[in-house]
Amino acid sequence: MSAFVVTSGSYVREQLRAPLTLALLVAIPVFFVLIFASVLGEFSRALGGTLQARSATAISAGWAAALLSGTLAYFMVSSSRSADRRLALAGLGPVRVALSRIAAALALGAIVTIVAFLTLWVRSGIGHPWHGLVAIFAFAAIYIGIGAVVGALVSDPLGGSLLVLAVFSVDAFSGPQMSSAASGIGTYLPTYHAANLLIAAGVGDRSPLVDWRGVALIALGALGVALAAFWLSARVRSPR
């Protein structure tokens, strides 16, 4: 267990060592909540959607957590294959390496969630703070899975980053209340239930049980997929 904790902590420090990463952890939530929210609102109105200003502000905090967590998870997989395999060969094993990676990704997701949550709280307040906190963390958890899968499939940093951004863009601009057609395609997107929870939390409405169940299933599924991606990245392949 001590090796697991030490390895997880080193993975977190590895990501936070760069000053630019620390700056982005603050700058991106602020940008999303203060500026991206108005873009979402205008885009929704142009498409005949019903997303109100306060709802757009609330959901922007979730998108900030999603983009940061997905991008960090992508680079955790794509840029660390050799190091993870060396750790696995040194005795840690691919399973414990993968568990350490997912723990580090969740810790980073929690940091991103707290920053986004506090930014939203200061900006406009939250009707149901605990519901909002859970919903923002769900965005982070889901995109940890997406980023890890992209990292396992795409090794090119530019191509992988653009693919994560493309998934994010489709997800963000097709979500609940974004357009008159969003109730169709939007229901099949990974953050649909998390977005419903966050919108409801922002304005102080009750959240349907179906959204809580959907968030739990999708977030746990995404983390399971992320764990598999980290394991595949750390697994040492036998020579043929």
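Here, each number is a calculation from the coordinates, and none is a lab measurement. Only a predicted model underlies this, so the values are computations on that prediction, with no experimental measurement involved. For neighbour counting, all protein chains shown are included, and Cβ atoms are generated from backbone atoms with ideal geometry for every residue, glycine included.
Values for this structure:
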read-out	value
Within the range 2-234: Cβ-based charge dipole about Cα centre, in debye rounded to nearest 20 (Lys, Arg +1; Asp, Glu -1)	400 debye
Rounded to 10°, Cα long-axis angle of helix 19-31 versus longest principal axis of the chain	20 degrees
Nearest-ten-degree value, helix 157-173 long axis tilted from longest Cα axis of the chain	30 degrees
Whether the range 1-142 is rounded, prolate or oblate, judged on the alpha carbon gyration tensor where a/c under 1.5 counts as rounded	prolate
Rounded to 10°, Cα long-axis angle of helix 37-46 versus longest principal axis of the chain	60 degrees
Matching label, Cα Rg over 2.2 N^0.38 Å computed from the structure shown, candidates (1) 1.07; (2) 1.02; (3) 1.24	(2)
Most mobile listed residue (64, 172, 140) in the chain, GNM with C-alpha springs under 10 Å	172
